[in-house]
Each structure stands twice: as C-alpha cells, then as structure tokens.
1. Restricting the search to the stretch 287-322, which residues are in contact (Cβ under 8 Å) with a residue 40 or more places away in the chain and hydroxyl-bearing (Ser, Thr, Tyr)?
2. Check off (1) in contact with a Pro (Cβ under 8 Å, 6 or more places away or on another chain); (2) hydroxyl-bearing (Ser, Thr, Tyr); (3) at pLDDT 80 or above; (4) more than 20 Å from Gly51 (Cα to Cα) for Tyr238 and give me the number that stays unchecked.
3. Suppose the filter is farther than 20 Å from Pro340 by Cβ and out of contact with any helix residue (DSSP H, G or I) (no Cβ under 9 Å at 6 or more places or on another chain); does Glu305 pass it?
4. Please go through the stretch 265-283 and pick out each residue that is in a helix (DSSP H, G or I) and in contact with a Gly (Cβ under 9 Å, 6 or more places away or on another chain).
5. Against the condition surrounded by 14 or more Cβ atoms within 10 Å (Cβ to Cβ) and either modelled with pLDDT of 90 or more or in a helix (DSSP H, G or I) (or both), how does Leu381 come out, does it pass?
6. Starting from residues that are of a type in the set (Gly, Ala, Ser) and assigned to a helix (DSSP H, G or I), keep the ones in the stretch 299-341 and report whichever is nearest to Ser23 (Cα to Cα).
7. Can you say whether Pro347 is surrounded by fewer than 17 Cβ atoms within 10 Å (Cβ to Cβ) and in contact (Cβ under 8 Å) with a residue 24 or more places away in the chain, as far as the supplied structure shows?
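The values are calculated or read from the model by the stated rules, or taken from the named source; none is laboratory data. Just so it is clear, the structure is predicted and the values come from calculations on it, not from any experiment. Cβ coordinates were reconstructed from backbone atoms using ideal geometry, including for glycine residues, and neighbour counts include every protein chain displayed.
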Amino acid sequence: MDPLIVSYTAIITMAVLPIVIGSYRSIPSSKKKKETEIMSSRDAWLAPLVGSAVLVLLYVLVKYVSKEMINIFITGYVTFFGSVCIVQLITPELRSLIQRLLNIKPEEPADSPQEPISSNFSTAESASNAENSRAASSEDQSKATPPASSPHCDTISVLCPISLKLKIRKKVFFSLSFDILDILSVILVSAFAAYYVIYKNWIASNVYGEAICFGAISLIHLDSFITGSVLLSGLFLYDIFWVFGTDVMVTVAQSFDAPLLLRFPRNIFASSSQWTMLGLGDIVVPGIFISLCLRYDHEKAGKPESHDFAKPYFNTCLVAYVLGLITTIVVMHTFKAAQPALLYLSPACVLSVIFVAIFKGDLKNIISYTSGPNEEKKAKLVEEQPPAPNNS
C-alpha cells in the first residue's frame, strides 16, 4: 500500500475519533449533570478576531523572542490542559470497568425520588413525610449494605471517596471530591506527561492533541445552528486570509514543538522527517458543530438514554466533514501548496445540515432551534405549558 495513503487515512481517522467520542459525551444525561460552556452568537463573531490577535502575538514572539522559552511555556500549558482532558476521558471508563469486574451496580442519581408522595398531603405534611421516608430508607440501606469485600458492594465503599472543603464563616470557598480511581488516573497521566516532556514523541503528542479535541468538543456547546454557521463562516474567512494572504499561520505552525496539531509520518515504513499535519482547530471547530447536530437528533428522538436513535443530521454532517478533509488533501496535492482546511470543512458542514433540513422539511426548526438553558428556551417552555387549574 502507498505510504502516503496510510498517512492520510491515519490523519482522517484521528480527526474523526475525538469528534465522535466528544459528540456522544456532549449529550446531556438525566443521571448526571455536566458543566458545559455555552458559545453564543457574540462569542462566534469574536472568535476570528480573538484568533487573529493570538496568531499575530505568537508570530511576533517567534520573530523577536527566544523560541526555546516560548516552546517551554506553550508545551507546559498545553500538556497540563491535555492531561486534564485525558483524566476526564479515562476515569469514567476505568470506573465502568471496575463496576463490571466487581459486579457493582452503577450509582443512582442523587436527586431521584425514593418514594412517591401523595398529592393529597399538604405542603408541610409532604415535606415531613418525605424527610421521614428518606431517613427510613437511608437507615434500611445502611443495615442492608454489605461490606466492601462483598461481590455486590457499592461504588462508594470500594473507591473510598474523599471530600475536601475550605469554609470561612460558613461560606464554602473551596470544595474538591475525589476517590482512589481519580488518584490512580492522575498518577498514570502524570507519568505519561513526564514521558512526553522528556522524549517529545510524536505519538504522545497526538494523544494529547486527541484529548484536547475531545475535551473541547464535549465541553463547548453552541447555543444554536445560527451561531454555529456564524462561527464556521468567520473562521472560513480567517483561514483564507492567514494561509493565502500571509505566511503567519504556516510560520507559527512550524515553529512550536507542542501538541497544537496532529501529525503522522508521510512514510511510516521508513525514517523520514516529512509529516502529514492537521491543526487541532480544524477538528474542534467543525467538531462542536457536529456535536450540536447529534444533540439536535437526540432531542428530536425524545432524549432516549441509549445511543440507539436516528441521527440523520449527525451522520450526514460527519460524512460531509470527512469528504471535506479528502477534498483538502486532493486540492493540496493538485496545487502542491498548503490548504486552509476550513475553506472546505466549513461549507461542507453547514450545507450538509441545510440540505438535510430542506429534504426533511425541517428548515424552520433548525433555524429557530436553541440548545442549552437560555432564557428564550425557558420562555418557550413556559408558554407551551397549560395554564394551572383554578380551584376557587
């Protein structure tokens, strides 16, 4: 097989992997609330300007400041952030593995009601009975809970959770909860970070790049398809200007030895200094748009707990993203020049959603859709609720 085909296939696979995993992790769960960062239309408009300012700053630093010092700073910062993302990625998988090996039942959400409360009670009586019910249930559970050595012990007794709080005059300034599994994850990731900093291995660099993409895609949520379209359109112009108009982006990309991009040898079967590269921004920016498509599919399907639901927007947009990457590669080889990937990825993602929406007669819903606990969505939900019955 042609080594170049192997190289490009590896890059495309590495680009798709964090998008798929991050998109599924971005789906809200009824069992566990996740903290997310909502990107509004204002943020989308500012993104190209902020990106340009950062790019120019890095370019100036490369030209007039020691590259070694800049590399140390950026490597340290990106390695720390990537390590946090790796911990967030592997800890749930390790926890799930331990639960299966030790036959531990997954923890139920803390806010799930244990006993139904009759609506015939008054508010005070309901609160009192609910409190008594929880106390009785807690007492029964404490009596029935087997020791940690039991094959059916709970997660809490096995993993020994630790909680640290800093209180001053009854006000909590710091709170941290962790368990043995979290400590194990931190130790493993710290050892991996030390290996990367010492040897600067390209595979380790790609692991950090993948983790950063996963963390960003699962954490950053676009509030609407309009915002996503504005973001992709703005960065579409940003990419064209800084790649075709100047040498700034290429100079910056080639100056830093930090996990700011994915790379794979152009010939994996021979020692070569030539690389196939893809910037993390070309994964994260389309990735958060594709994850929005999956959350929209999830809502359209009635928010099922399983991942087995129709995903027309997600699947189509993901395929369009892959086709956009292939187009970038073909054009790059045809013209023998670096190509701004978002020049092809941005239209591919946006147009794929528009085409599916038109085909399904869903364009109006796509345009008006909002994601996240914003005020417009809350107001819409309130308006759709039936009026309370008048008991007078």
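1. Correct list: Ser291, Tyr296, Tyr313, Thr316, Tyr321.
2. (4)
3. Values: farther than 20 Å from Pro340 by Cβ: yes; out of contact with any helix residue (DSSP H, G or I) (no Cβ under 9 Å at 6 or more places or on another chain): yes.
Considered against the rule, which asks whether it is farther than 20 Å from Pro340 by Cβ and out of contact with any helix residue (DSSP H, G or I) (no Cβ under 9 Å at 6 or more places or on another chain), Glu305 comes out as yes.
4. Applying the first criterion (in a helix (DSSP H, G or I)) to the stretch 265-283 yields 281-283.
Across the stretch 265-283, the qualifying residues are Gly281, Ile283.
5. Details: surrounded by 14 or more Cβ atoms within 10 Å (Cβ to Cβ): no; either modelled with pLDDT of 90 or more or in a helix (DSSP H, G or I) (or both): yes.
Considered against the rule, which asks whether it is surrounded by 14 or more Cβ atoms within 10 Å (Cβ to Cβ) and either modelled with pLDDT of 90 or more or in a helix (DSSP H, G or I) (or both), Leu381 comes out as no.
6. Keep residues of the stretch 299-341 that are of a type in the set (Gly, Ala, Ser), which gives 301-302, 306, 310, 320, 324, 337-338, 341.
Okay, now just the ones that are also assigned to a helix (DSSP H, G or I), so 320, 324.
Numbers: Ala320: 16, Gly324: 19 Å.
Per the criteria, the residue is Ala320.
7. Yes; evaluated as a whole, the condition is true for this residue.
One line per residue, one yes/no per condition, for (1) farther than 19 Å from Thr370 by Cβ; (2) exposed (fewer than 12 other Cβ atoms within 10 Å of the Cβ):
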position	(1), (2)
Pro3	yes, no
Leu17	yes, no
Ser23	no, no
Pro28	no, no
Ser40	no, no
Leu46	yes, no
Ala53	yes, yes
